[in-house]
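Undergrad: I have a structure here, written as C-alpha cells, and I will follow up with some questions on it.
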Amino acid sequence: MKEEKIKSIIESFLFVWGEPLDIKLISKTLELSPAYVRKVIIDMKNIYEKENRGIQIIEVNNKFQLSTNKENYEYIQKLCTPPQNKGLTQAALEVVSIIAYKQPITRPEIEAIRGVKSDKAITTLVDRNLICENGRLDKPGKPILYITTDEFLRSFGINNLESLPTLEDEEMGN
C-alpha cells in the first residue's frame, strides 16, 4: 500500500475516532509496524504544522488525535456558543497540579500539602474527567488514590507525564 493511501486512512481514523487513538490499534488495523505508523503520523503532523493548517495532530500517551489549530481558538470561540463550564478555580488548579506531580495520591495527602479541605476541587476534577480514582491505599480508612487522566494531558497540551516541567525549572523561572 502506498504511503499516501496510508496517510489518507490514518487521517480518516483520527477524524472518526474523536478521542486519542492508540498507535497499536492503528498498526494492527493497517497490519503495519507501530514504528512505521508513528513515522507516517509524525510526517503528517509536520506537514500540517508547515502548512499552518486549521487542524493538527496531537499526541497523548502514545495515542494520536486530530485537533483544531490552537491559533484559531479565538475565531472558533466566536463561532461557537460559549461553553457552559467555566475555567477551573484556583483551588482546582492547585489540586490537579499536586496530583499531576505526586500521583497516586490521597485526598488527605493533598489537603496536607494545601493546608485546606479539597473535597469540592476533587469532585470538580473528577466530574471533568481530569482526574480519576486509582484504587485505595492499604491504610486505615482505605483512602482513595487519585491520578490524572489522558483528558488532563490533552486539556493541558501535555504529551505524557514525563513532559511536565520539573519543579526546579518552574521555581527558577525557566
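Undergrad: With angles folded into 0 to 90 degrees, how steeply does helix 34-50 sit against the dominant principal axis of the chain? Use alpha carbons for both and round to 10.
TA: 90 degrees
Undergrad: What accessible area per residue, rounded to a whole number of Å², is obtained for the chain using a probe radius of 1.4 Å?
TA: Working: 11530 Å² over 174 residues.
Averaged over the residues of the chain, the accessible area is 66 Å².
Undergrad: Sticking with this one: How big is region 1-71 by Rg and Dmax over its Cα atoms, in Å?
TA: Rg and Dmax of region 1-71, Cα atoms, are 11.3, 35 Å.
Undergrad: Of the GluC sites (Glu not before Pro) in region 1-71, which ones lie in a loop per DSSP and count no more than 16 other C-beta atoms within 10 Å? Working shown, then result.
TA: Working: sites: Glu3, Glu4, Glu11, Glu31, Glu49, Glu51, Glu59, Glu71; in loops: Glu31, Glu51.
Answer in residue order: Glu31, Glu51.
Undergrad: A further question on this structure: Got a number for the accessible area of Leu88? Probe 1.4 Å, square angstrom, nearest 10.
TA: Approximately 40 Å² for this residue.
Undergrad: In nm, to one decimal, how far is the modelled label at Glu71 from the one at Tyr101, with both set 7 Å along Cα→Cβ?
TA: Once both label points are built, they end up 3.3 nm from each other.
Undergrad: If exposed means no more than 10 neighbouring beta carbons inside 10 Å and the site is in a DSSP loop, what's the longest run of the chain without any exposed trypsin sites (Lys or Arg not before Pro)? Working shown, then result.
TA: Working: sites that count: Lys2, Lys86.
Answer from the scan: 87-174.
Undergrad: I would also like to ask the following. Sort Tyr36, Tyr73 by heavy-atom solvent-accessible area, probe 1.4 angstrom, most to least.
TA: Numbers: Tyr36 70, Tyr73 135 Å².
Ranking Tyr36, Tyr73 by accessible area, largest first, yields Tyr73, Tyr36.
Undergrad: Report the Rg/Rh value for region 1-133, based on alpha-carbon coordinates and the Kirkwood definition of Rh. List each step's numbers first, then the result.
TA: Values: Rg = 19.2 Å, Rh = 17.6 Å.
Here the Rg-to-Rh quotient is 1.09.
Undergrad: Pairs Lys2/Lys24; Lys28/Lys63; Lys5/Lys70; Lys117/Lys142; Lys63/Lys117; Lys120/Lys142: which are spaced more than 23 Å apart, C-alpha to C-alpha?
TA: On the way: Lys2/Lys24 20 Å; Lys28/Lys63 14 Å; Lys5/Lys70 27 Å; Lys117/Lys142 18 Å; Lys63/Lys117 35 Å; Lys120/Lys142 20 Å.
Over 23 Å Cα-Cα: Lys5/Lys70; Lys63/Lys117.
Undergrad: Right, here's the next one. Can you tell which of Leu79, Leu164, Leu153 shows the greatest fluctuation in a Gaussian network model of the chain with Cα springs below 10 Å?
TA: Evaluated over the chain, the most mobile residue of the options is Leu79.
The values are calculated or read from the model by the stated rules, or taken from the named source; none is laboratory data. Computed from a predicted model, the values in this text were never measured in an experiment. Positions of Cβ are generated from backbone atoms using ideal geometry, with glycine treated the same way; all protein chains shown enter the neighbour counts. To get the accessible areas, we keep the full protein, side chains included, count just its heavy atoms, and leave off ligands, DNA and RNA. Shrake-Rupley method; radii C 1.70, N 1.55, O 1.52, S 1.80 Å.
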